[in-house]
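Asker: A single structure is presented below for examination.
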Amino acid sequence: MIGNNIIGNEKVKKSLEKAIDSNNIVHSYLFIGKDGIGKKEIAVDFAKKILCLTKEETCTCKSCTCFNSNNHSDFFIINPLDDKKIISVDMIRSMIDEVYKKPILSDSKVFIINDADKMNESAQNALLKTLEEPPEYAYIILVASNELLLLNTIKSRTMRVSFNDIPSSDVEKYIKENTDVKNISSSLLEYIGGSIGKSLKVIEDIDKYNAIESFLQKTEKEDIVDYFYDGKNTYTKEFINQSLEYSEVVLMGFAKENKKYLNCIKYVDDCINRLSYNANFDMSIDMMLFKIWEEVNENSSRH
Ligand SMILES: [Zn+2]
(Lines give C-alpha, C1' and ligand atoms only; values in the text may rest on other atoms or scores of the structure.)
Protein backbone atom coordinates (compact mmCIF):
# COMPACT_ATOMS: atom_id res chain seq x y z
CA MET A 1 0.00 0.00 0.00
CA ILE A 2 1.28 3.46 -0.89
CA GLY A 3 2.23 5.55 2.14
CA ASN A 4 1.95 2.66 4.59
CA ASN A 5 4.30 4.34 7.07
CA ILE A 6 2.68 7.75 6.80
CA ILE A 7 -0.14 8.86 9.07
CA GLY A 8 -3.38 10.20 7.62
CA ASN A 9 -4.63 11.07 4.14
CA GLU A 10 -6.02 7.59 3.55
CA LYS A 11 -8.25 8.83 0.71
CA VAL A 12 -5.28 10.21 -1.19
CA LYS A 13 -3.31 7.00 -0.72
CA LYS A 14 -6.24 4.92 -1.94
CA SER A 15 -6.80 7.06 -5.03
CA LEU A 16 -3.12 6.82 -5.99
CA GLU A 17 -3.19 3.08 -5.42
CA LYS A 18 -6.25 2.85 -7.64
CA ALA A 19 -4.54 4.85 -10.39
CA ILE A 20 -1.70 2.31 -10.36
CA ASP A 21 -4.00 -0.72 -10.32
CA SER A 22 -6.19 0.55 -13.14
CA ASN A 23 -3.22 1.90 -15.08
CA ASN A 24 -4.76 5.37 -15.02
CA ILE A 25 -1.76 7.36 -13.91
CA VAL A 26 -1.76 10.91 -15.26
CA HIS A 27 1.53 12.45 -16.33
CA SER A 28 1.53 15.61 -14.22
CA TYR A 29 0.38 15.87 -10.62
CA LEU A 30 0.23 18.70 -8.10
CA PHE A 31 0.34 17.46 -4.50
CA ILE A 32 -0.88 20.35 -2.37
CA GLY A 33 -1.21 20.74 1.43
CA LYS A 34 0.47 22.03 4.55
CA ASP A 35 4.20 21.42 5.19
CA GLY A 36 5.10 18.38 7.22
CA ILE A 37 2.09 16.14 6.53
CA GLY A 38 3.83 13.57 4.33
CA LYS A 39 3.23 14.85 0.79
CA LYS A 40 6.78 14.24 -0.34
CA GLU A 41 6.99 10.83 1.33
CA ILE A 42 3.78 9.74 -0.37
CA ALA A 43 5.03 11.12 -3.70
CA VAL A 44 8.23 9.07 -3.33
CA ASP A 45 6.24 5.94 -2.54
CA PHE A 46 3.97 6.59 -5.51
CA ALA A 47 7.03 7.04 -7.75
CA LYS A 48 8.41 3.71 -6.59
CA LYS A 49 5.14 2.04 -7.54
CA ILE A 50 5.07 3.74 -10.95
CA LEU A 51 8.61 2.55 -11.67
CA CYS A 52 8.09 -0.99 -10.34
CA LEU A 53 8.22 -3.69 -13.00
CA THR A 54 5.70 -6.05 -11.38
CA LYS A 55 3.31 -3.80 -9.36
CA GLU A 56 3.23 -6.54 -6.71
CA GLU A 57 2.68 -5.54 -3.08
CA THR A 58 6.04 -6.77 -1.80
CA CYS A 59 8.41 -6.70 -4.69
CA THR A 60 12.10 -7.35 -5.26
CA CYS A 61 12.25 -6.46 -8.93
CA LYS A 62 15.35 -4.73 -10.23
CA SER A 63 13.59 -1.36 -10.17
CA CYS A 64 12.39 -1.67 -6.56
CA THR A 65 15.80 -2.94 -5.42
CA CYS A 66 17.59 0.05 -6.94
CA PHE A 67 14.92 2.41 -5.64
CA ASN A 68 15.32 1.10 -2.09
CA SER A 69 19.06 1.69 -2.23
CA ASN A 70 18.55 5.28 -3.46
CA ASN A 71 20.19 4.42 -6.70
CA HIS A 72 17.57 4.50 -9.45
CA SER A 73 18.56 5.93 -12.81
CA ASP A 74 14.97 6.84 -13.73
CA PHE A 75 14.00 8.66 -10.55
CA PHE A 76 14.77 12.31 -9.79
CA ILE A 77 13.95 14.70 -6.95
CA ILE A 78 14.49 18.40 -7.49
CA ASN A 79 14.87 20.37 -4.25
CA PRO A 80 15.35 24.13 -3.79
CA LEU A 81 18.95 25.22 -3.35
CA ASP A 82 19.55 25.48 0.39
CA ASP A 83 21.20 28.87 0.39
CA LYS A 84 18.78 30.52 -2.01
CA LYS A 85 15.57 28.67 -1.17
CA ILE A 86 14.72 28.88 -4.82
CA ILE A 87 14.30 26.52 -7.75
CA SER A 88 15.90 28.32 -10.65
CA VAL A 89 15.21 28.15 -14.37
CA ASP A 90 18.58 26.38 -14.85
CA MET A 91 17.56 23.62 -12.47
CA ILE A 92 14.31 23.15 -14.39
CA ARG A 93 16.12 23.19 -17.74
CA SER A 94 18.50 20.43 -16.73
CA MET A 95 15.56 18.46 -15.40
CA ILE A 96 13.80 18.87 -18.76
CA ASP A 97 16.91 17.58 -20.59
CA GLU A 98 16.64 14.52 -18.43
CA VAL A 99 12.90 14.14 -19.14
CA TYR A 100 13.58 13.63 -22.85
CA LYS A 101 16.16 10.87 -22.32
CA LYS A 102 14.54 7.42 -22.40
CA PRO A 103 14.36 5.38 -19.18
CA ILE A 104 17.11 2.84 -18.56
CA LEU A 105 16.02 0.57 -15.76
CA SER A 106 12.25 0.89 -15.78
CA ASP A 107 9.54 1.49 -18.35
CA SER A 108 8.91 4.91 -16.87
CA LYS A 109 10.74 7.91 -15.46
CA VAL A 110 9.51 9.92 -12.47
CA PHE A 111 10.43 13.48 -11.52
CA ILE A 112 9.40 15.00 -8.19
CA ILE A 113 9.74 18.76 -7.84
CA ASN A 114 9.74 19.22 -4.09
CA ASP A 115 8.69 22.66 -2.75
CA ALA A 116 7.59 23.44 -6.30
CA ASP A 117 6.20 26.77 -5.03
CA LYS A 118 9.85 27.85 -4.72
CA MET A 119 10.18 27.86 -8.49
CA ASN A 120 10.51 31.44 -9.63
CA GLU A 121 8.35 32.65 -12.48
CA SER A 122 10.84 31.92 -15.24
CA ALA A 123 11.39 28.41 -13.89
CA GLN A 124 7.63 27.84 -13.91
CA ASN A 125 7.33 29.17 -17.45
CA ALA A 126 10.18 26.95 -18.59
CA LEU A 127 8.32 23.92 -17.27
CA LEU A 128 4.95 24.58 -18.96
CA LYS A 129 5.49 22.86 -22.28
CA THR A 130 6.96 19.71 -20.73
CA LEU A 131 4.18 19.62 -18.18
CA GLU A 132 1.60 19.77 -20.92
CA GLU A 133 3.08 17.19 -23.27
CA PRO A 134 5.59 15.01 -21.50
CA PRO A 135 6.95 11.94 -23.27
CA GLU A 136 4.76 8.85 -22.84
CA TYR A 137 7.12 7.32 -20.24
CA ALA A 138 7.56 10.46 -18.07
CA TYR A 139 5.67 11.43 -14.90
CA ILE A 140 6.11 14.72 -13.07
CA ILE A 141 4.88 15.30 -9.51
CA LEU A 142 4.89 18.82 -8.10
CA VAL A 143 4.80 19.00 -4.30
CA ALA A 144 3.83 22.36 -2.81
CA SER A 145 2.29 24.05 0.23
CA ASN A 146 1.47 27.50 -1.12
CA GLU A 147 -0.47 27.38 -4.33
CA LEU A 148 -0.73 31.17 -4.50
CA LEU A 149 2.89 31.14 -5.63
CA LEU A 150 2.13 28.87 -8.57
CA LEU A 151 1.08 30.23 -11.94
CA ASN A 152 -2.44 29.34 -13.04
CA THR A 153 -0.94 27.88 -16.18
CA ILE A 154 0.99 25.40 -14.00
CA LYS A 155 -2.10 24.52 -12.00
CA SER A 156 -4.25 23.98 -15.06
CA ARG A 157 -1.73 21.54 -16.53
CA THR A 158 -1.54 19.31 -13.46
CA MET A 159 -3.93 17.00 -11.69
CA ARG A 160 -4.52 18.42 -8.24
CA VAL A 161 -4.28 16.09 -5.25
CA SER A 162 -5.26 17.84 -1.99
CA PHE A 163 -3.79 16.65 1.29
CA ASN A 164 -5.51 17.26 4.64
CA ASP A 165 -3.94 18.25 7.94
CA ILE A 166 -3.35 15.33 10.27
CA PRO A 167 -5.97 15.24 13.11
CA SER A 168 -4.45 16.42 16.43
CA SER A 169 -5.30 13.10 18.07
CA ASP A 170 -3.18 11.30 15.46
CA VAL A 171 -0.31 13.77 15.93
CA GLU A 172 -0.50 13.14 19.68
CA LYS A 173 -0.47 9.39 19.17
CA TYR A 174 2.48 9.69 16.80
CA ILE A 175 4.47 11.75 19.30
CA LYS A 176 3.79 9.33 22.14
CA GLU A 177 4.77 6.32 20.05
CA ASN A 178 7.84 7.80 18.40
CA THR A 179 9.45 10.16 20.92
CA ASP A 180 10.25 10.26 24.63
CA VAL A 181 7.50 12.81 25.17
CA LYS A 182 4.51 11.27 26.93
CA ASN A 183 2.53 14.40 27.80
CA ILE A 184 1.67 17.15 25.42
CA SER A 185 -0.66 20.04 26.24
CA SER A 186 -3.70 20.87 24.15
CA SER A 187 -2.22 24.32 23.42
CA LEU A 188 0.90 22.72 22.03
CA LEU A 189 -1.16 20.38 19.84
CA GLU A 190 -3.08 23.41 18.62
CA TYR A 191 0.23 25.17 17.85
CA ILE A 192 1.53 22.12 15.95
CA GLY A 193 -1.63 22.30 13.82
CA GLY A 194 -1.73 18.84 12.25
CA SER A 195 1.82 18.68 10.91
CA ILE A 196 4.01 15.74 11.90
CA GLY A 197 7.03 17.66 10.56
CA LYS A 198 6.31 20.63 12.80
CA SER A 199 5.65 18.36 15.78
CA LEU A 200 9.17 16.94 15.54
CA LYS A 201 10.68 20.44 15.54
CA VAL A 202 8.51 21.51 18.48
CA ILE A 203 9.44 18.40 20.48
CA GLU A 204 13.11 19.39 20.31
CA ASP A 205 12.28 22.52 22.31
CA ILE A 206 9.35 21.19 24.30
CA ASP A 207 10.75 22.43 27.65
CA LYS A 208 10.84 25.97 26.35
CA TYR A 209 7.27 25.78 25.08
CA ASN A 210 6.08 24.27 28.36
CA ALA A 211 7.87 27.05 30.26
CA ILE A 212 5.90 29.67 28.32
CA GLU A 213 2.64 27.96 29.13
CA SER A 214 3.36 27.59 32.84
CA PHE A 215 4.53 31.18 33.02
CA LEU A 216 1.33 32.51 31.47
CA GLN A 217 -0.71 30.34 33.83
CA LYS A 218 0.76 32.32 36.74
CA THR A 219 -0.45 35.69 35.43
CA GLU A 220 -3.40 35.82 37.80
CA LYS A 221 -1.59 34.44 40.83
CA GLU A 222 1.76 36.21 40.99
CA ASP A 223 2.55 39.70 42.14
CA ILE A 224 3.98 42.04 39.55
CA VAL A 225 7.59 41.90 40.79
CA ASP A 226 7.85 38.12 40.65
CA TYR A 227 5.95 38.11 37.39
CA PHE A 228 8.49 40.43 35.77
CA TYR A 229 11.39 38.43 37.14
CA ASP A 230 10.01 35.13 35.80
CA GLY A 231 8.96 36.72 32.53
CA LYS A 232 12.44 38.02 31.79
CA ASN A 233 13.82 34.51 32.27
CA THR A 234 11.11 32.92 30.15
CA TYR A 235 11.17 35.17 27.09
CA THR A 236 14.72 34.90 25.82
CA LYS A 237 16.08 36.54 22.71
CA GLU A 238 17.16 33.38 20.91
CA PHE A 239 13.72 31.77 21.14
CA ILE A 240 11.58 34.87 20.98
CA ASN A 241 9.68 34.29 17.72
CA GLN A 242 8.46 30.86 18.75
CA SER A 243 7.78 32.08 22.31
CA LEU A 244 5.57 34.92 21.18
CA GLU A 245 3.74 32.88 18.56
CA TYR A 246 3.10 30.20 21.12
CA SER A 247 1.99 32.73 23.74
CA GLU A 248 -0.81 33.79 21.41
CA VAL A 249 -2.03 30.20 21.09
CA VAL A 250 -1.89 29.70 24.88
CA LEU A 251 -3.72 32.97 25.58
CA MET A 252 -6.36 32.08 23.01
CA GLY A 253 -6.94 28.86 24.96
CA PHE A 254 -7.21 30.76 28.28
CA ALA A 255 -9.65 33.21 26.66
CA LYS A 256 -12.20 30.43 26.29
CA GLU A 257 -12.48 30.44 30.11
CA ASN A 258 -11.75 34.06 30.83
CA LYS A 259 -12.37 36.81 28.28
CA LYS A 260 -9.69 39.08 29.75
CA TYR A 261 -7.06 36.97 28.07
CA LEU A 262 -8.43 37.89 24.66
CA ASN A 263 -7.10 41.44 25.05
CA CYS A 264 -3.72 40.09 26.08
CA ILE A 265 -3.21 38.62 22.61
CA LYS A 266 -3.15 42.18 21.30
CA TYR A 267 -0.20 43.01 23.58
CA VAL A 268 1.74 40.03 22.28
CA ASP A 269 0.97 41.22 18.75
CA ASP A 270 2.25 44.69 19.63
CA CYS A 271 5.44 43.14 20.93
CA ILE A 272 5.93 41.10 17.73
CA ASN A 273 5.44 44.27 15.69
CA ARG A 274 7.84 46.30 17.77
CA LEU A 275 10.54 43.67 17.55
CA SER A 276 10.08 43.40 13.81
CA TYR A 277 10.96 47.10 13.66
CA ASN A 278 14.06 46.46 15.76
CA ALA A 279 12.72 48.13 18.88
CA ASN A 280 14.67 47.58 22.10
CA PHE A 281 14.23 43.96 23.15
CA ASP A 282 14.02 44.40 26.92
CA MET A 283 11.67 47.34 26.71
CA SER A 284 9.36 45.55 24.31
CA ILE A 285 9.16 42.49 26.56
CA ASP A 286 8.68 44.65 29.68
CA MET A 287 5.83 46.49 28.10
CA MET A 288 4.13 43.28 27.01
CA LEU A 289 4.51 41.68 30.45
CA PHE A 290 3.20 44.76 32.18
CA LYS A 291 0.19 45.09 29.89
CA ILE A 292 -0.73 41.42 30.19
CA TRP A 293 -0.44 41.45 33.98
CA GLU A 294 -2.45 44.65 34.24
CA GLU A 295 -5.17 43.41 31.90
CA VAL A 296 -5.67 40.23 33.89
CA ASN A 297 -5.31 41.66 37.39
CA GLU A 298 -6.70 45.16 37.22
CA ASN A 299 -10.25 45.53 38.52
CA SER A 300 -10.28 41.91 39.54
CA SER A 301 -10.95 41.11 43.15
CA ARG A 302 -7.63 39.98 44.57
CA HIS A 303 -8.39 39.19 48.19
ZN1 LIG B 1 9.04 -3.80 -8.12
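The values are calculated or read from the model by the stated rules, or taken from the named source; none is laboratory data. Just so we're clear, the structure is a prediction, and the values are computed from it rather than from any experiment. Every residue, glycine as well, gets a Cβ built from its backbone with ideal geometry; the counts of neighbours run over all protein chains shown.
Asker: Looking only at segment 31-43, decide whether some residue is assigned to a strand (DSSP E or B) and either surrounded by 15 or more Cβ atoms within 10 Å (Cβ to Cβ) or within 16 Å of the ligand (Cβ to nearest atom) (or both).
Answerer: Among the residues of segment 31-43, at least one is assigned to a strand (DSSP E or B) and either surrounded by 15 or more Cβ atoms within 10 Å (Cβ to Cβ) or within 16 Å of the ligand (Cβ to nearest atom) (or both), which makes the answer yes.
Asker: Give me the residue from segment 131-160 that is under 21 Å from K18 (Cα atoms) and within 16 Å of the chain's Cα centre (by Cα) and, out of that set, surrounded by the fewest Cβ atoms within 10 Å (Cβ to Cβ).
Answerer: It comes out as V143.
Asker: Continuing with the same structure: Here are D90, D107, D117, D97: which of them is touching a Leu at 6+ places or on another chain (Cβ under 6 Å) and either within 16 Å of the ligand (Cβ to nearest atom) or not in a loop (DSSP other than H, G, I, E, B) (or both)?
Answerer: When all the criteria are applied, what remains is D117.
Asker: Let me ask something additional. Going through segment 100-147 one residue at a time, which ones are farther than 18 Å from K84 by Cβ and charged (D, E, K, R)?
Answerer: Selection gives K101, K102, D107, K109, K129, E132, E133, E136, E147.
Asker: Follow-up question, since we're still on this one. Can you name the condition, by its number, that G197 falls short on among (1) modelled with pLDDT under 90; (2) surrounded by fewer than 19 Cβ atoms within 10 Å (Cβ to Cβ); (3) not in a helix (DSSP H, G or I)?
Answerer: Tallying (1) modelled with pLDDT under 90; (2) surrounded by fewer than 19 Cβ atoms within 10 Å (Cβ to Cβ); (3) not in a helix (DSSP H, G or I), G197 fails exactly one: (3).
Asker: I've got another one for you. Confirm whether I50 is crowded, with 21+ Cβ neighbours inside 10 Å and either more than 16 Å from the ligand (Cβ to nearest atom) or within 18 Å of N164 (Cα to Cα) (or both).
Answerer: no
Yes/no matrix, rows are residues, columns are (1) under 29 Å from H72 (Cβ atoms); (2) touching a residue at least 40 places away in the same chain (Cβ under 8 Å); (3) touching a helix residue (DSSP H, G or I) at 6+ places or on another chain (Cβ under 7 Å); (4) not hydrophobic (A, V, I, L, M, F, W, C):
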residue: D90; (1), (2), (3), (4): yes, no, no, yes
residue: E98; (1), (2), (3), (4): yes, no, no, yes
residue: A116; (1), (2), (3), (4): yes, yes, no, no
residue: L148; (1), (2), (3), (4): no, no, no, no
residue: K182; (1), (2), (3), (4): no, no, yes, yes
residue: I192; (1), (2), (3), (4): no, no, yes, no
